[in-house]
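Since the structure comes first, as structure tokens, the remarks are kept for the end.
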Amino acid sequence: MKRRDFLKATLGGTAAVACSGVAEARPNLEPADNAVGMLFDSTLCIGCKACVAKCKEVNEMPPVIDGDATTWDSARDLSGDTLNVIKVYRDGEAEVKDREENGFCFEKRSCMHCVDPGCVSVCPCTAMRRDEKTGIVSHHPDVCIGCRNCMVGCPYNVPQFQYNELFGQIQKCQMCNQAGVGRIDNGQMTGCAEVCPTGATLFGPRDALLAEAKRRTELKPGETYNYPRGDVSKPYSHHEKRVPEYLQHVWGEKEAGGTNVMHLSAVSFDKLGMPPLGERSAASIAEGVQHSLYNFMALPAIALAGLTYVVKRNTDDDDKGGDA
Amino acid sequence: MSQHQALGGRILTKPFLFLTAIFLVGVYFMAQRFTSGMGEVSNLNGGYAWGIWVVYDVVVATAFACGGYALAFAVYVFNKGQYHPLVRPAVLASLLGYALGGFGAFFDMGRFWQFYEIFLPGNWNFNSVMLEVGLCVATYIIILTLEFAPALLERLGMKGLLKALNKVLFLFIALGVLLPTMHQSSLGSLLIAMGHKVHPLWQTLQLQPLLALLSALIMGFSIVVFEASTSVVGFGKKSESHLLSGLGKITVGLLVGFLLVRFATLILQGKFGLIFSSGFASFMFLLETALFVVPLLILLSPAKRERGSQLLIAAVAMLLAGTLYRFDAFLITFSPGPGFSYFPSAPEIMITFGVVAFELMAYLVMVKLLPVLHSEQHA
């Protein structure tokens, strides 16, 4: 075989395998068998921030004070010291709750515990892990190098690095199940769900939460509904409330493969700062590309064999010797 | 026996002292970074976790350092032996560029004191593009060191070791072609998982690795032309424009390939209209595209290709084009969502300047002390 033909064959073969592989990218991951999660119903949230305070207590984090608002934790967004925050949506005169125009509402920000988590997919050191049983996404700073790919790879900007500390680490909600807390393993619920006075944050198995969410979107606005508090599968109490005009959309049912923390709202999710996501997770696409190129290192091995052969012949031809 | 010789001459020239001053300012802020943390010196935040330290020092700077890669492709894979004289200076520039890219990755690391965790096989996540980048870049730095080692061995007169190294050098050269193909394409793949945060005009998903690779090769050939041209002016070396015009010709194919893939992807993904309807992003896209098209027009003309000045203009345009392509995708049109903004702080910029200054200082010292540049009588 002539050298040129050999080269062409090698490059062509490599390209062909690469292209065929790309077509076989993996589908989204499925929810864990016993996935647990939370349902945040924005129309129930009164903005009391009991969940923010409880979260700080569980995670032993200091309050964040914004300006003169020293009465309570006034964290405006997630940070290395805040894993859960309640944000306010305001439009115009902000007269009516849960109305998009001239209205207001509250929105919770915390880890969504994605079914197909971007942070887990991109982490080079396996410092982000999805629990096989519960689907909880946990962080393990002992192996983390601080490259912060999880931060850019998270559609919701959830993982936060402690920039202000020399020996900082990534912080995120681990659904109160991290070592030393283990509330879920002990049969408890998350701190934020436990203290929520209106059941706006509800804990429970993902399927039960999804069923509850769908039930709510099918209710007639104006009717009364008996809202549970605490754990959806064993609520510690209920309260009756008028049904708002829910969007016919459970955020997290399908977004980028779905999330274990789902949201309901009467105000459109893009107004609440939710990202523009399709159903396909970016992680699944990235992994498809990566695995088709690097599966068993087959392509690089073939390419190296071809390159070694060609380079060897070309340097041997070279009368000047192989000096580079 | 060597066809290369050390330039000799004074080390402490005015440009060198100027670079030293910039370097020292960088060292001052670097010291702050390693005593008070990243928050003290940078504007990195929860939405923009990657600033210029990643995007310039790693993503762009390693593409600037693709001269050795591009030439290795031309000389050793496509057997264009006539470019051999350009190889050694290109390998030196690549070695310095990559070494400092690696250092950039280190000082950007939030948990730098346990950087070695990425080298422990037990930790490896094979789904991660970053793992490929990290391991591959680290290996390539070693390979570049070995590829450049003959210059040092010649200087030290270690003939036995030189002979032994030359016998197996073909293997390192082959790796020197393979590894950048892998991690330069992966640098593009990093963008895939960022999904919606990357502007649709730059989020080409499966095509990210190919576009990153083509643009890295374009930048690689351009930097060789740029370095050779500045050597003519700066060190008074004989012009090698006949060689450089050949490189320009090779680059035409790469430019055409890049633009074809770029526009075909936008059409196939139904995003062609966004080129004109995306406001500021449209402007950046058109600017970037112009920087790819102008050198293509220059290099397509055989007459212009022969002129050193035109070649230099084309090379600078292509370097800017590749740089802007990366900056646009990773930072300028990157949008993590409402409430976040980023512009590098002065200390952040000075650290990057300091690193670049050190790279240039090291290059100047090494071409003066070691047999790097081609000696003219053999050319």
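Bear in mind these aren't lab numbers, they're just calculated from the coordinates by the rules spelled out. All figures in this text were calculated on a predicted structure; none of them were measured in a lab. When we count neighbours, we look across all protein chains shown, and the Cβ atoms used for this are built from the backbone with ideal geometry, even at glycine.
Just check segment B:1-78 against the gyration tensor rule for me: Cα atoms, a ≥ b ≥ c as the square roots of the eigenvalues, rounded for a/c under 1.5, and otherwise prolate or oblate depending on whether a/b exceeds b/c.
Oblate is the answer for segment B:1-78, as a/c is 1.5 or above yet b/c matches or exceeds a/b.
Suppose we flag chymotrypsin sites (Phe, Trp or Tyr not before Pro) only when DSSP calls them loop and at most 15 other Cβ atoms lie within 10 Å. Which is the longest uninterrupted stretch of chain A?
A:73-166
Can you give the average number of partner chain beta-carbon atoms within 10 Å of each beta-carbon in peptide B:44-54, as a whole number?
5
If all Cα-Cα distances of segment A:32-159 are sorted into 5 Å bins from 0 onward, what percent lands in each bin, rounded to whole numbers?
Each 5 Å bin holds this share of Cα pairs: 2, 10, 15, 18, 19, 16, 10, 6, 3, 1.
Mind checking the mean number of beta-carbon atoms from other chains within 10 Å of the Cβ atoms in B:194-200?
Counting Cβ atoms of other protein chains within 10 Å of each residue's Cβ and averaging gives 6.
Report the FRET efficiency, 1/(1 + (r/R0)^6), for A:Val88 and B:Ala164, where r is their Cβ-Cβ distance and R0 is 60 Å, rounded to 0.05.
0.25
As an exercise, use a Förster radius of 22 Å and the Cβ-Cβ distance of B:Ser375 and B:Arg10 to find the FRET efficiency, rounded to the nearest 0.05.
According to the calculation, E is roughly 0.65.
In nm, to one decimal, how far is the modelled label at B:Thr230 from the one at B:Leu152, with both set 7 Å along Cα→Cβ?
2.3 nm
Which lysines, if any, have their Cα less than 19 Å from the Cα of A:Lys97, not counting same-chain residues under 8 positions apart?
Cross-link targets: A:Lys49, A:Lys87, A:Lys108, A:Lys220, A:Lys241, A:Lys271.
Taking H placed 1.01 Å from N in the peptide plane, check which residues at least 5 places from B:Leu370 or on another chain put their amide H under 5 Å from its amide H.
Long-range HN contacts for B:Leu370: B:Leu7.
Pull out a ≥ b ≥ c, the square roots of the eigenvalues of the alpha-carbon gyration tensor of segment A:166-281, then state rounded if a/c is under 1.5, prolate if not and a/b is larger than b/c, and oblate in the remaining case.
oblate
Starting from the Cα of A:Thr224, step 7 Å toward the Cβ, then list every residue of segment A:238-264 with an amide N under 20 Å from that point.
Under 20 Å, as judged by backbone N against the label point of A:Thr224, lie A:238-246 of segment A:238-264.
Roughly speaking, what is the stretch gain from A:Arg215 to A:Glu132, that is 0.36 nm per residue apart minus the C-alpha to C-alpha distance, in nm to one decimal?
Fully extending the segment from A:Arg215 to A:Glu132 adds 27.1 nm.
To the nearest 500 deg cm²/dmol, what mean residue ellipticity at 222 nm is calculated for chain A from DSSP H runs of n ≥ 4 alone, each contributing -39,500 (n - 2.57), summed and divided by the residues?
Here the helix-only value at 222 nm equals -8500 deg cm²/dmol.
Quickly work out the A:Thr71-to-A:Asn34 label distance, labels modelled 7 Å from Cα along the C-beta direction, and quote it in nm with one decimal.
4.3 nm
Of B:Lys80/B:Lys159; A:Lys312/B:Lys163; A:Lys214/A:Lys234; B:Lys163/B:Lys238, which pairs sit farther than 22 Å apart, going by alpha carbon to alpha carbon?
Pairs exceeding 22 Å: B:Lys80/B:Lys159; B:Lys163/B:Lys238.
Is segment B:231-379 best put as rounded, prolate or oblate by its Cα gyration tensor, with a ≥ b ≥ c the root eigenvalues, rounded for a/c under 1.5, and otherwise prolate when a/b is larger than b/c, oblate when not?
Note, shape of segment B:231-379 comes out oblate.
Under the 0.36 nm per residue contour assumption, what length would be gained going from the current alpha-carbon distance of B:Phe272 and B:His242 to full extension?
6.9 nm
Which listed residue (A:Ala208, B:Gly273, A:Leu264) has the Cα farthest towards the positive end of the charge dipole for the protein assembly as shown, taking +1 on Lys and Arg C-beta and -1 on Asp and Glu C-beta about the Cα centre?
Towards the positive end, the residue furthest out is B:Gly273.
Once you average over the residues of B:115-124, how many Cβ atoms of partner chains fall within 10 Å of each Cβ?
4
Specify the inter-centroid distance of segment A:160-181 and segment B:98-152, based on alpha-carbon positions, in whole Å.
A separation of 25 Å, based on Cα centres.
Give, in nm to one decimal, the length gained when the segment between A:Asp185 and A:Glu57 is fully stretched (0.36 nm per residue of separation minus the Cα-Cα distance).
So the chain would gain 44.2 nm between A:Asp185 and A:Glu57.
Peptides A:193-199, B:60-66: what's the order by average Cβ count within 10 Å, highest mean first?
Top of the packing list down: B:60-66, A:193-199.
Zone of B:Val293 (label point 7 Å along Cα→Cβ, backbone N under 19 Å): which residues in segment B:206-240?
B:215
Which aspartates and glutamates, on any chain, are close to A:Lys254 with Cα under 14 Å apart, when same-chain ones fewer than 8 places away are left out?
A:Glu30, A:Asp116, A:Asp207, A:Glu279
Which residue, chosen from B:Thr352, B:Leu244, B:Asn43, occupies the Cα position most advanced towards the positive end of the dipole of chain B, where the dipole is computed from +1 (Lys, Arg) and -1 (Asp, Glu) charges on Cβ about the Cα centre?
Result: B:Leu244, furthest along the dipole toward the positive end.
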